Amino acid sequence: MNTIDIAVLAGDGIGPEVMEAALAVLRRVDARHALGLGFTELRAGAFAYRDTGTDLSEEVFERARSADAILLGAMGWPGIRHADGTELAPQITLRQRLDLFGGVRPIRAIPGVPLPLVDPRAAKIDFVILRESTEGLFFSKDRGVVSEDQAEETLRLTRGTSLRLAHMSFEIARQRSARLGRPGRVTLVDKANVFRAFAWLRQIFLEVSGEYPDVRHDAAYVDAMALDLIRKPWDFDLLPTENMFGDILSDLAAGLIGGMGFAPSADLGEAHGVFQPSHGTAPDIAGQGRANPTATILSAAMMLDWLAMRGAGQRLADAAEEIRLAVDQAFLGGLRTADIGGTAGTADAARAVIDALQ
């Protein structure tokens with residue numbers, strides 16, 4: 001059996017802590033299912049920049065690009081920045097250089113995790129934000145023009161990437177429909193009432209929707225969606241959106257299910273995939289063993305699913321489902337991490353999930 005090559009970039013702050021927990025879970029399911037996972041640990045991030053002058057060396061990038069998948073912790077640090085004041089973000093570099101246009105961000109209420117919304121329907125929250133991750137306002141990264149009197153950034157959408165995002169949206173909605181036993185629905189999130197670019201994007205999604213008659217399609221303005229994600233988040237299924245809008249709504253949505261510690265993500269392209277928690281490096285608790293590793297563990301499960309879909313075998317999909325069920329069982333069984341008012345640390349949470357795999 002060939003080894004499945006996983007490039008591991010643990011990053012900064014709590015990144016190494018949550019990565020250690022996720023790798024412990026992966027190694028357990030690897031042993032149970034003979035998955036053939038191999039891990040190569042690589043250094044990137046803010047502290048790599050401090051020590052070497054680069055946050056993502058060409059050598060590390062090429063090694064990561066050659067891997068079957070990339071598992072990433074969290075990167076960045078408040079006191080280490082570029083000369084222009086912007087944060088170091090090798091994760092964005094990976095998205096752009098590997099053409100990872102689809103940022104898949106599942107938002108699912110985990111049984112047993114206290115939720116901020118008191119409505120009992122909140123327990124049914126299960127939707128996906130699909131954030132376009134290479135264009136939009138982020139196209140302007142490192143391209144902005146700043147003078148004493150004016151600062152200007154440019155939002156750019158292209159037809160090719162917008163078409164790929166639309167097809168990915170409908171395909172994921174169709175897959176979710178088959179798995180969840182309910183009709184799929186794609187709700188494009190934009191600002192088409194003000195900007196021509198978003199009206200143009202709506203037309204592309206409308207064109208593509210005709211190829212998926214089994215999936216419902218509608219659209220919503222981003223400000224209205226921000227309201228509705230508080231009022232009725234259980235109503236939604238698949239929410240594709242521009243890069244910046246997706247960045248903002250992802251954090252709002254994570255708050256609905258207990259916080260960023262429960263929000264996994266995947267950045268996908270046609271040839272590569274990077275899997276990472278949606279949260280940052282949390283400098284206030286870094287090194288204390290208090291970070292919630294659930295988002296990283298669930299990101300690792302997403303990685304196994306993606307590898308299975310790319311031909312690595314059904315065993316990986318089975319292992320991914322086991323991890324998700326074990327996470328649910330651990331919290332149903334009383335696991336309470338510090339971010340939801342409990343006392344369980346990073347290692348405690350990993351052990352609880354591993355025990356639930358038995």
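S209 meets each of the listed conditions (1) at negative phi; (2) out of contact with any His (no Cβ under 6 Å at 6 or more places or on another chain) apart from (2). Residues in the stretch 128-174 that are part of a helix (DSSP H, G or I) and either of a type in the set (V, I, T) or not assigned by TED's automatic domain parsing to the domain that holds F198 (or both): T161, I172. Screening Q91 against (1) in the same structural domain as E322 (by TED's automatic domain parsing); (2) surrounded by 14 or more Cβ atoms within 10 Å (Cβ to Cβ); (3) at pLDDT 95 or above leaves a single unmet condition, (3). Note on the stretch 175-230: among residues that are in a strand (DSSP E or B) and of a type in the set (K, R), the one that is surrounded by the fewest Cβ atoms within 10 Å (Cβ to Cβ) is R216. All conditions but one from (1) more than 19 Å from R164 (Cα to Cα); (2) crowded, with 17+ Cβ neighbours inside 10 Å; (3) in contact with a Gly (Cβ under 9 Å, 6 or more places away or on another chain) apply to L98; the one that does not is (1). Pick from the stretch 171-192 the residues that are of a type in the set (S, T, N, Q) and either more than 13 Å from Y212 (Cβ to Cβ) or under 20 Å from the mean Cα position of the chain (by Cα) (or both): which of them is modelled with the lowest pLDDT? Only one residue tops the list, namely Q175. Within the stretch 141-154, identify whether any single residue is surrounded by 12 or more Cβ atoms within 10 Å (Cβ to Cβ), in contact (Cβ under 8 Å) with a residue 12 or more places away in the chain and polar (S, T, N, Q), and answer yes or no. Checked against the condition, which is being surrounded by 12 or more Cβ atoms within 10 Å (Cβ to Cβ), in contact (Cβ under 8 Å) with a residue 12 or more places away in the chain and polar (S, T, N, Q), the stretch 141-154 yields no hits at all. Within the stretch 172-196, residues that are under 19 Å from D228 (Cβ atoms) reach partners that are of a type in the set (V, I, T) and not in a strand (DSSP E or B) with beta carbons closer than 7 Å, at six or more positions or on different chains, in the pairs V189/V222; D190/V222; K191/V222. Name the residues in the stretch 58-92 that are of a type in the set (D, E, K, R) and not in a strand (DSSP E or B), would you? The answer is E58, E59, E62, R63, R65, D68, D84.
Is there a residue in the stretch 269-284 that is without any contact (Cβ under 8 Å) to a residue 40 or more places away in the chain and farther than 30 Å from T3 by Cβ? For the stretch 269-284, residues without any contact (Cβ under 8 Å) to a residue 40 or more places away in the chain and farther than 30 Å from T3 by Cβ: present.
With respect to (1) in a loop (DSSP other than H, G, I, E, B); (2) without any contact (Cβ under 8 Å) to a residue 60 or more places away in the chain, the lone exception for R324 is condition (1). On inspection, V113 fails the criterion of being surrounded by 15 or more Cβ atoms within 10 Å (Cβ to Cβ), touching an Asp or Glu at 6+ places or on another chain (Cβ under 8 Å) and either in the same structural domain as L298 (by TED's automatic domain parsing) or touching a residue at least 40 places away in the same chain (Cβ under 8 Å) (or both).
The values are calculated or read from the model by the stated rules, or taken from the named source; none is laboratory data. Computed from a prediction, not measured in an experiment: that's the story for all the values here. All Cβ positions, glycine included, derive from the backbone under ideal geometry; neighbour counts span all protein chains shown.
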